[in-house]
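Only the coordinates and a few stated rules stand behind these numbers; no lab work does. Note that the structure is a prediction, hence the values are computed from the model and not measured. Virtual Cβ from ideal backbone geometry, glycine too; neighbours counted across all protein chains shown.
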Amino acid sequence: MIPPKIQLKALWEMRFKRILKLEKESFHFYQELLARNRHLLEGTRAKEKLEVLIKDERRHAQAAERLLRFVDQKAKKTNGKNEGNMGGRLECRGI
């Protein structure tokens, strides 16, 4: 049987990797959309909205990367300890 802390680490890693992948895909999609249609979007609110979306997606991807690093660091700190929730900081309540 796999210890609970290892299972939890793997679940959080899978979740954050998926979030990172989706955020990067969205970032590139919006960036390409803006680049291909720059001449059509000049001076419109749509261009401004796309630029905001691009910034948001970049920030979301950076947050997912930080969370992945946190999970890895927390797992290293708790290695050898019997803490199934890796210290309780990453528990998702109400989901």
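In region 32-73, what GluC sites (Glu not before Pro) fall in a loop by DSSP, with at most 10 other Cβ atoms inside 10 Å?
Working: sites: Glu32, Glu42, Glu48, Glu51, Glu57, Glu65; in loops: Glu42.
When the GluC sites (Glu not before Pro) of region 32-73 are filtered for loop state and at most 10 Cβ neighbours within 10 Å, Glu42 remain.
Could I have the simple spin-label model distance between Glu65 and Ala10, label points 7 Å from Cα toward Cβ, reported in nm to one decimal?
Output for this residue pair reads 2.7 nm.
With θ set to phi - 60°, apply the Karplus curve 6.51 cos²θ - 1.76 cosθ + 1.60 along region 10-27 and write out the HN-Hα couplings as whole Hz, x wherever there is a Gly or Pro.
5, 5, 5, 4, 4, 4, 5, 5, 5, 4, 4, 4, 5, 5, 5, 4, 5, 4
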